[in-house]
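Participant: Have a look at the structure that comes next, please.
The values are calculated or read from the model by the stated rules, or taken from the named source; none is laboratory data. Note that the coordinates shown come from a computational prediction; the quantities given were computed from them, not determined experimentally. Every residue, glycine as well, gets a Cβ built from its backbone with ideal geometry; the counts of neighbours run over all protein chains shown.
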Amino acid sequence: VPSPYAIRTFGDPVLRRKCEPVDVIDDTLKQLAADMITTMYDAPGVGLAAPQIGVSKRFFVFDADDGKGPFTVINPRITRAEGEYTFDEGCLSVPGLHFPITRANEVDLTGTDLDGNEINFSFTGFEAKIMQHEFDHLDGILLLQRLDDDARKKAMRTLRERQLRANG
Ligand SMILES: [Zn+2]
């Protein structure tokens, strides 16, 4: 089965918009989450946030490849963030580019699952990185905004040059 959704990429305004909270968990949302998980695996990726498929709602899916996932987290909140962890980070919406980004090493995250139950996660390192990256998407923040000025300017130049080449 092909991915039901194309992943939105840098330049699409939906990626810079702050998402609205989810107020009803219905069959439409459940189907959307299932389709997002398929799209994430096809990419392949370890996380995918709703705005990446053009839906400006506060939820994301992830699978940290630890045998426990995939998970859907609705209306997530980060309740604790401590320490520092630097990882060469990429994003399905900014394909082909990676940047060393420092985020919190330990994160507690709470939210709601597709059955409406509260779920809590405590993650460190790589998994904590995924949570913070996907959470950023819900606030319209791309990994480019996490770079210092020089690195961001360089990345924007690369993206612009690539767009020019793609447009012939
Ligand atoms: Zn991303």
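Participant: Considering every residue within region 141-151, establish whether at least one is away from the ligand (no atom under 14 Å from the Cβ), modelled with pLDDT under 95, in a helix (DSSP H, G or I) and in contact with a Leu (Cβ under 8 Å, 6 or more places away or on another chain).
Facilitator: The answer is no; no qualifying residue exists.
Participant: Here's something else I'd like to know. Can you pull out every residue in region 101-121 that is surrounded by 14 or more Cβ atoms within 10 Å (Cβ to Cβ) and assigned to a strand (DSSP E or B)?
Facilitator: Within region 101-121, the first condition is being surrounded by 14 or more Cβ atoms within 10 Å (Cβ to Cβ), and the residues that meet it are 101, 103-114, 119, 121.
Hits for region 101-121 are Ile101, Arg103, Glu106, Val107, Asp108, Leu109, Thr110, Gly111, Thr112, Ile119, Phe121.
Participant: Further question: Taking interchain pairs and intrachain pairs at least six residues apart, which have beta carbon atoms under 8 angstrom, with the first residue in region 142-168 and more than 19 Å from Ile7 (Cβ to Cβ) and the second of a type in the set (Val, Ile, Thr) and outside any helix (DSSP H, G or I)?
Facilitator: Correct list of pairs: Arg146/Ile101; Leu147/Ile101.
Participant: Now for a different question. Restricted to region 116-130, and to residues that are in contact (Cβ under 8 Å) with a residue 60 or more places away in the chain and more than 12 Å from the ligand (Cβ to nearest atom), which residue is nearest to Ile78 (Cα to Cα)? I'd like the intermediate steps shown before the answer.
Facilitator: The initial filter retains those residues of region 116-130 that are in contact (Cβ under 8 Å) with a residue 60 or more places away in the chain, namely 116, 126-127, 130.
Now restrict to residues that are more than 12 Å from the ligand (Cβ to nearest atom): 116, 126-127.
Values: Gly116: 18, Phe126: 16, Glu127: 13 Å.
Among them, the one singled out is Glu127.
Participant: Would you mind stating whether Asp26 is more than 16 Å from the ligand (Cβ to nearest atom) and either touching a helix residue (DSSP H, G or I) at 6+ places or on another chain (Cβ under 7 Å) or without any contact (Cβ under 8 Å) to a residue 24 or more places away in the chain (or both)?
Facilitator: Values: more than 16 Å from the ligand (Cβ to nearest atom): yes; either touching a helix residue (DSSP H, G or I) at 6+ places or on another chain (Cβ under 7 Å) or without any contact (Cβ under 8 Å) to a residue 24 or more places away in the chain (or both): yes.
Considered against the rule, which asks whether it is more than 16 Å from the ligand (Cβ to nearest atom) and either touching a helix residue (DSSP H, G or I) at 6+ places or on another chain (Cβ under 7 Å) or without any contact (Cβ under 8 Å) to a residue 24 or more places away in the chain (or both), Asp26 comes out as yes.
Participant: In region 44-57, which residue that is surrounded by fewer than 24 Cβ atoms within 10 Å (Cβ to Cβ) and either in contact (Cβ under 8 Å) with a residue 60 or more places away in the chain or closer than 24 Å to Thr124 by Cβ (or both) is farthest from the ligand (Cβ to nearest atom)?
Facilitator: Of all residues in region 44-57, those surrounded by fewer than 24 Cβ atoms within 10 Å (Cβ to Cβ) come to 44-46, 53-57.
Restricting the remaining residues to those that are either in contact (Cβ under 8 Å) with a residue 60 or more places away in the chain or closer than 24 Å to Thr124 by Cβ (or both) gives 44-46.
On the way: Pro44: 13, Gly45: 8, Val46: 10 Å.
Selected residue: Pro44.
Participant: Is it the case that Gly90 is within 12 Å of the ligand (Cβ to nearest atom), assigned to a strand (DSSP E or B), out of contact with any Asp or Glu (no Cβ under 8 Å at 6 or more places or on another chain) and within 19 Å of Gly125 (Cα to Cα)? Give the derivation first.
Facilitator: Values: within 12 Å of the ligand (Cβ to nearest atom): yes; assigned to a strand (DSSP E or B): yes; out of contact with any Asp or Glu (no Cβ under 8 Å at 6 or more places or on another chain): yes; within 19 Å of Gly125 (Cα to Cα): yes.
Here the answer is yes, as Gly90 does meet what is asked.
Participant: Still on this model: Filter region 9-42 down to the residues that are part of a helix (DSSP H, G or I) and loosely packed, with under 14 Cβ neighbours inside 10 Å and list them by number. First the steps, then the outcome.
Facilitator: Narrowing region 9-42 to residues part of a helix (DSSP H, G or I): 13-16, 27-42.
Matches in region 9-42: Pro13, Asp27, Thr28, Lys30, Gln31.
Participant: Testing Pro51 on (1) in a strand (DSSP E or B); (2) under 29 Å from Thr158 (Cα atoms); (3) touching a helix residue (DSSP H, G or I) at 6+ places or on another chain (Cβ under 7 Å); (4) at pLDDT 95 or above, one condition comes back false. Which one is that?
Facilitator: Exception for Pro51: condition (1).
Participant: Using the structure shown, decide if Ala155 is within 16 Å of the ligand (Cβ to nearest atom), crowded, with 20+ Cβ neighbours inside 10 Å and among the hydrophobic types (A, V, I, L, M, F, W, C).
Facilitator: The answer is no for Ala155.
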